[in-house]
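Undergrad: Attaching a single structure in structure tokens format; questions to follow.
Just so you know, all these numbers are worked out from the coordinates, no wet-lab data involved. Here the structure is a predicted model, which is why all the values come from computation and not from measurement. Cβ atoms come from the backbone with ideal geometry, glycine included; neighbour counts cover every protein chain shown.
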Amino acid sequence: MPTKFEVNTNWTKVPQHIRIDNCHELAQSRDGRVFLSVDCPENNILIFTEQGKFLESWTLGFDGTHGLTLFEDEGQEYLLITQTGVTEINGVVNKGLGKVVKTTLDGKVLHTFKNPFELGLYEQGLTYNPTETCVASNGDIYIADGYGASFVHCFDRKGTYKHTFGGFSELDSSLLNPHGIAIDSRSGTERLVVSSRKQSRFKFYTLDGEYIEAIHLPGAYPCRPVIKGDYLYAGVCWSGPIVSDVDLENYLERDDNSGFVLILDKQGKVVEALGAEAVLYDNGILTPLCVSEDSPFHHVHDVLVLEDNKLIISQWRAEQTLPFSLLYINHQSDDCDLSLSVNSRLFEG
């Protein structure tokens, strides 16, 4: 497993007329282009080469663009884009009605998925603010209502509703702030992995929504899980006080500018925490994770893993920062300590 990365904070630049508020999700097309979602109505999607050259942008006019999934169906590539419906003005958060659309790679809307109110699933008082999607090999599409009622809704490839699971309860299967969702087929059988962020957990389910297990990440509040090879990668938006199902209020005390990058193996063990203090296990139990003092990150929101061991990371609330690249540096010894080199400046992770 890689143990040293070099961070390039100047991976890309965009023209002055391209406005950046917050960067959210990343995806890559077959031809190598990198797609980035940003929550600016003037330009929802930015497109780059793998090397960081800006190519173009387009918009759907969304003010809450968030989740971005690129998938293939019958040989064609498409995007799933979530509009959360959540806006923040002068520190006041407003929750409107979100939606999810399927588009071409150049932004033509092909389908808008019915929301839970249209389907008769939500009563008045609940909100629908979807944050992420994923697509199974059979074409089924899963929508995580991460900023709304914390349910996951499943549709078939044509957009017909199938079933719902999740929501917050006292059960182990409950979800709270399911910010991200992905298909995990590393075991040979597809299953869903959901980041239940306010519970500091990745939770695993069958494709029918049956709960399987969870991985606790004390002190870390993870975004979308990204599966590549044998590993699960994730941006951690915040770290800080430990939460439990009986003490969720600690989430309000999370630390600002405390994000980092997690890498977990197939057994669910954290093998790297880039930009965090050293990962420690005590009798097999993960000790609390926290950001390192000299981390270059603010709030890591997503990770894109390229074929050459390079990571691209996007950040939320990072002073309009564009994505960074993290390049794996090979070592002759497998015993070296984790470190990050930030534009040639080394610091311990």
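Undergrad: So, in nm, how far is label TYR281 from label LEU248 when the simple model puts each one 7 Å beyond its Cα toward the Cβ?
TA: A separation of 2.9 nm, rounded to one decimal place.
Undergrad: How long is the gain from HIS163 to SER137 if the chain were fully straight, where each residue apart is worth 0.36 nm and the alpha carbon distance is subtracted? Don't skip to the end; give the middle numbers.
TA: Numbers: separation 26, 0.36 × 26 = 9.36 nm, distance 1.71 nm.
Fully extending the segment from HIS163 to SER137 adds 7.7 nm.
Undergrad: How big is the dipole moment of the chain about its Cα centre under a simple scheme where the beta carbon of each Lys and Arg is +1, that of each Asp and Glu is -1, and everything else is neutral? Debye, nearest 20, please.
TA: Details: 28 positive and 49 negative charges, 161 e Å.
Here the chain has a charge dipole of around 780 debye.
Undergrad: State to the nearest 20 debye the size of the charge dipole of segment 243-288 about its Cα centre, where the only charges are +1 on K and R beta carbons and -1 on D and E beta carbons.
TA: On the way: 3 positive and 10 negative charges, 66 e Å.
The calculation lands at about 320 debye.
Undergrad: Tell me which lysines have Cα within less than 26 Å of LYS310's Cα, excluding those fewer than 8 residues away on the same chain?
TA: Answer for LYS310, where 26 Å is the Cα cut-off: LYS4, LYS13, LYS53, LYS228, LYS266, LYS269, listed by chain and number.
Undergrad: Pull out the extension gain between ASP156 and ASN309, defined as 0.36 nm times the separation in residues minus the alpha carbon to alpha carbon distance; nm, one decimal. Provide the component values of the computation, followed by the final result.
TA: Details: separation 153, 0.36 × 153 = 55.08 nm, distance 3.34 nm.
51.7 nm is the gain from fully extending ASP156 to ASN309.
Undergrad: To make sure I understand the rule: partners must be lysines, Cα under 22 Å from the Cα of LYS95, and not fewer than 8 residues away in the same chain. Which ones qualify?
TA: LYS114, LYS198
Undergrad: For the chain, modelled as a GNM with alpha-carbon contacts under 10 angstrom, which of ASP63, ASP208, ASP184 fluctuates the most?
TA: ASP208
Undergrad: Report the FRET efficiency, 1/(1 + (r/R0)^6), for ASP294 and ASP255, where r is their Cβ-Cβ distance and R0 is 22 Å, rounded to 0.05.
TA: Numbers: r = 15 Å, r/R0 = 0.68.
That pair, ASP294 with ASP255, gives E of 0.90.
Undergrad: Over segment 4-348, consider all pairs of different Cα atoms and compute the Kirkwood hydrodynamic radius from their mean reciprocal separation; express it in Å, one decimal.
TA: Values: mean 1/r = 0.0495 Å⁻¹.
One decimal place: 20.2 Å for the Kirkwood radius.
Undergrad: Another one. So if I place +1 on the C-beta of Lys and Arg and -1 on the C-beta of Asp and Glu, and nothing else carries charge, what would the dipole magnitude of segment 142-297 be about its Cα centre? I want it in debye, nearest 20. Each step should come with its number before you reach the end.
TA: Numbers: 14 positive and 22 negative charges, 153 e Å.
Roughly 740 debye, rounded to the nearest 20.
Undergrad: To the nearest µm²/s, what D does Stokes-Einstein give for segment 106-192 at 37 °C and 0.692 mPa s, using the Kirkwood radius over alpha carbon pairs as Rh?
TA: Working: Rh = 13.7 Å.
The Stokes-Einstein estimate is 239 µm²/s.
Undergrad: Which is farthest toward the positive dipole end of the chain among GLY139, ILE89, PRO296, measuring Cα position about the Cα centre, with Cβ charges +1 (Lys, Arg) and -1 (Asp, Glu)?
TA: GLY139
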